[in-house]
Amino acid sequence: MASMIFSDCSSSTTARLLPLRCQKLRHSFNSLPFFHRVSLPLTSSRPSLPTLYLQAHSSSTFVSAKMATESTAKVIDGKHVAKQIREEIGVEIARMKEAIGIVPGLAVILVGDRKDSATYVRNKKKACEAVGINSLEVCLPENSTEQEVLNSITKFNEDPSVHGILVQLPLPSHMNEEKILNAVGIEKDVDGFHPLNIGRLAMRGRDPLFVPCTPKGCIELLHRYGIQIKGKKAVVIGRSNIVGMPAALLLQREDATVTIVHSRTNNPEGIIKEADIIISAVGQANMVRGSWIKPGAVIIDVGINPVEDSESPRGYRLVGDVCYEEVAKVASAITPVPGGVGPMTIAMLLSNTLSSAKRIHNFD
Ligand SMILES: Nc1nc2c(c(=O)[nH]1)N[C@@H](CN(C=O)c1ccc(C(=O)N[C@@H](CCC(=O)O)C(=O)O)cc1)CN2
């Protein structure tokens with residue numbers, strides 16, 4: 001798990017990546033008299049309900065206290081869409097098995113003992129089992145050598161029952177990530193991180209064999225909710241190889257006009273305020289504030305940030321990069337965290353593995 005922070009929409013940690021003027025903005029926002037923060041339930045269906053009412057019994061009368069939790073945005077329910085996609089994939093896998101006797105295979109390599117990575121790998125395995133993908137797993141200790149990881153990759157590259165290979169990230173710091181990702185055969189690179197796949201994604205008139213799962217999931221959500229991308233102004237916050245950069249390339253391929261905002265960008269909130277579509281992938285809890293959002297914008301929140309919560313059995317809860325309760329009042333649609341982009345990542349991995357098996361066996 002990434003290092004825990006103590007944060008709600010007003011905490012000082014939200015300003016870590018931001019210039020001073022954002023911090024001033026934050027303070028002025030929080031001093032607004034009508035704003036009362038309310039803890040939202042941690043369900044995938046956070047309120048798209050227009051208004052919550054508190055009823056308090058006061059002597060002989062009921063008093064309705066309207067709370068400032070009005071949320072006008074439609075909730076983009078990634079958990080629900082991912083389930084639908086998994087069902088579609090299951091049907092396709094059964095059809096392929098019936099027609100040509102082939103079952104797709106996914107090999108996952110996990111190095112080290114990060115709890116979050118182990119959970120993601122376990123969830124990938126469960127998801128494979130549920131749709132009928134054969135899953136293979138290699139777990140290597142933290143102090144493994146690069147060569148041991150490369151040996152596992154070579155073995156899976158040569159195994160005809162394996163159609164997809166992924167190395168769970170991040171790798172231990174002593175390993176050269178580039179060298180390891182380059183070793184995955186491009187035709188089995190279901191994470192889409194091989195430089196040839198990324199290079200093709202960046203070029204007009206070329207197509208990658210695979211698109212990285214999280215950005216692909218973001219675009220799939222926009223499509224499935226009927227949100228037009230063509231001609232829109234899109235801002236991607238963050239420029240990581242896994243999410244920000246490929247998300248920007250994908251939006252551009254969908255004919256959006258794309259700006260990437262990062263830690264060295266001048267006036268980030270001014271740029272973000274112009275966007276019709278925002279994809280945030282910075283890993284800073286509650287960083288994007290309601291006042292930065294153009295009314296009616298669509299928000300895809302990729303951040304999964306643990307914040308301390310003594311009421312949760314785990315001692316923490318997950319929040320996005322976006323201050324949900326503020327932004328949901330301004331946006332037209334928004335993904336929750338959890339239950340937004342996260343489940344789509346695994347659904348897209350299954351989809352990439354199925355396409356790989358279909359391509360290798362020439363099955364349509
Ligand atoms: N090789 C890769 N490594 C990593 C990737 C990746 O795509 N390929 N992405 C992330 C981790 N990740 C998958 O590997 C992943 C992250 C989050 C979720 C998810 O479903 N999150 C849930 C919350 C889960 C929880 O409660 O803990 C959600 O957002 O609703 C799935 C997959 C980094 N590494």
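Please specify each residue of region 318-338 satisfying the condition of being within 13 Å of the ligand (Cβ to nearest atom) and surrounded by fewer than 22 Cβ atoms within 10 Å (Cβ to Cβ).
318, 338, listed by residue number.
Enumerate the pairs (first residue in region 220-244 and hydroxyl-bearing (Ser, Thr, Tyr); second residue anywhere and crowded, with 21+ Cβ neighbours inside 10 Å) with beta-carbon separation below 7 Å, excluding pairs fewer than 6 apart on the same chain, so at least 6 apart or on different chains.
These pairs meet every condition: 225/76; 225/333; 240/281.
Tell me which strands (runs of 3 or more DSSP E) are completely within region 184-281 and hold 3 or more residues being more than 26 Å from residue 79 (Cα to Cα) and away from the ligand (no atom under 16 Å from the Cβ), or say none if there are none. Before the answer, list the steps.
On the way: elements: 233-237, 257-261, 277-280.
By residue number, 257-261.
For region 139-157, does any single residue satisfy the condition of being in contact with a strand residue (DSSP E or B) (Cβ under 6 Å, 6 or more places away or on another chain) and within 22 Å of residue 358 (Cβ to Cβ)?
Yes, the conditions are met somewhere in region 139-157.
Could you check region 114-136 and list, in sequence order, the residues that are more than 18 Å from residue 189 (Cβ to Cβ), charged (D, E, K, R) and within 15 Å of the ligand (Cβ to nearest atom)?
Of everything in region 114-136, those that are more than 18 Å from residue 189 (Cβ to Cβ), charged (D, E, K, R) and within 15 Å of the ligand (Cβ to nearest atom) turn out to be 114, 115, 116, 122, 125, 126.
Starting from region 337-352, keep only residues that are farther than 14 Å from residue 166 by Cα, then list their pairs with residues that are near the ligand (Cβ under 6 Å from one of its atoms) and β-branched (Val, Ile, Thr) whose Cβ atoms are within a distance under 8 Å, requiring at least 6 positions of separation or different chains.
337/304; 338/304; 341/214; 342/304; 344/214
Residue under question is residue 115, and the condition is that it be charged (D, E, K, R) and touching a Ser or Thr at 6+ places or on another chain (Cβ under 8 Å); does it hold?
no
If we scan region 159-176, do we find a residue that is in a helix (DSSP H, G or I) and surrounded by fewer than 21 Cβ atoms within 10 Å (Cβ to Cβ)? Spell out how you get there, then give the answer.
From region 159-176, those in a helix (DSSP H, G or I) are none; that's our starting set.
No - not one qualifying residue is present in region 159-176.
Taking the criterion of being closer than 20 Å to residue 209 by Cβ and in the same structural domain as residue 116 (by TED's automatic domain parsing), would at least one residue in region 140-152 satisfy it? Before the answer, list the steps.
Within region 140-152, the subset closer than 20 Å to residue 209 by Cβ is none.
So far as region 140-152 goes, no, none of its residues is closer than 20 Å to residue 209 by Cβ and in the same structural domain as residue 116 (by TED's automatic domain parsing).
Taking region 200-258 on its own, how many of its residues are of a type in the set (Asp, Glu) and within 14 Å of the chain's Cα centre (by Cα)?
Going residue by residue through region 200-258, those that are of a type in the set (Asp, Glu) are 207, 220, 254-255.
In the following step, the residues that additionally are within 14 Å of the chain's Cα centre (by Cα) were identified as 220.
Residues meeting the conditions: 1.
Spot the failing condition for residue 184; the list is (1) within 27 Å of residue 161 (Cα to Cα); (2) in contact (Cβ under 8 Å) with a residue 40 or more places away in the chain, and only one is missed.
Unmet condition: (2).
The values are calculated or read from the model by the stated rules, or taken from the named source; none is laboratory data. Since the model is a prediction, treat every value here as computed from it, not as a measurement. Reconstructed Cβ throughout: ideal geometry from the backbone, glycine too, with neighbour counts over all protein chains shown.
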